[in-house]
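Heads up: the structure comes next, in structure tokens.
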Amino acid sequence: MSSTHIALALLAAKFVYPPAQATDWALVSLGAIAPDFDAGGGMITRPSQWIPGLPRLFGRALDGTTKLVSQATREIAGHRGPLHYPIIALGLWLAATFADLPWLRYIAFGYAAHILADALTRAGVPLWGPFSRRDVGFLPRSLRIRTGSATERLLGGVVWGYLGFSLYQVLRQGFNAQELLTNGSAKIQQLLARAMRYLQ
């Protein structure tokens, strides 16, 4: 599920590679769902939902075209095929490093987080692709998570709950209703700055 991938990628980013600003968190999220372009559907095939300001008609046309390309990709390469090769995440990271593109590095991080999360599922991932198409899992098969199962939804819910509660705690420390009424704009900016320090 896209939401679980995003949650796990954001959690990993918080502790391993903290983004510097809000747009960077969005880029990690984009990377976290990008490999599933070969699934033939899902959040990555509905760009109108995460690109603000698109006219409705154009958004529908973009979604329809994106989904058709995604379905064609699935037919040709299969789900969890070449787009799930870890070498792609590595290539994105190296390209970002050599071309000095920090934004691409966040996408690469999210991409890698997606593949690592899929390695915890029953299907596994082609960890050594393109040299081998054999699917590999990081856990014994009996402990792997079935995609779309109640276990996955519970895991995603717990991670989202942790992220949300942690951010709430940080914002709550600086919140004062009376001060917000008398000096609203400055206080909101202060709260946002505090939130960004937490995310870092």
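The values are calculated or read from the model by the stated rules, or taken from the named source; none is laboratory data. On a predicted model such as this, the values are computed, not experimentally measured, just so you know. Backbone-built Cβ (ideal geometry, glycine too); neighbour counts: all protein chains shown.
Could you please let me know if Ala39 is over 20 Å from Ala12 (Cβ atoms) and of a type in the set (A, V, I, L, M)? Yes, satisfied.
Between Gly64, Gly53, Gly59, Gly40, the distinction of being within 23 Å of Ser149 (Cβ to Cβ) and more than 11 Å from the chain's Cα centre (by Cα) belongs to Gly40 only. Looking only at region 27-50, which residues are hydrophobic (A, V, I, L, M, F, W, C), at pLDDT 90 or above and under 14 Å from Ser3 (Cα atoms)? Val28, Leu30, Ala32, Ile33, Ala34, listed by residue number.
Here is a yes/no grid of residues against (1) in contact (Cβ under 8 Å) with a residue 40 or more places away in the chain; (2) among the hydroxyl-bearing types (Ser, Thr, Tyr); (3) loosely packed, with under 12 Cβ neighbours inside 10 Å:
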{"site": "Thr121", "(1), (2), (3)": "no, yes, no"}
{"site": "Trp128", "(1), (2), (3)": "no, no, no"}
{"site": "Asp135", "(1), (2), (3)": "yes, no, no"}
{"site": "Pro140", "(1), (2), (3)": "no, no, yes"}
{"site": "Thr147", "(1), (2), (3)": "yes, yes, no"}
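Any chance you could count how many residues in region 73-103 are surrounded by 13 or more Cβ atoms within 10 Å (Cβ to Cβ), of a type outside the set (Lys, Arg) and not in a helix (DSSP H, G or I)? Total meeting the criteria: 5. Quick check: anything in region 134-150 in contact with a Ser or Thr (Cβ under 9 Å, 6 or more places away or on another chain) and part of a helix (DSSP H, G or I)? No, region 134-150 has no match at all.
Could you grab me the full set of residues in region 84-120 that are among the charged types (D, E, K, R) and under 15 Å from Ala9 (Cα atoms)? Hits for region 84-120 are Arg105, Asp118.
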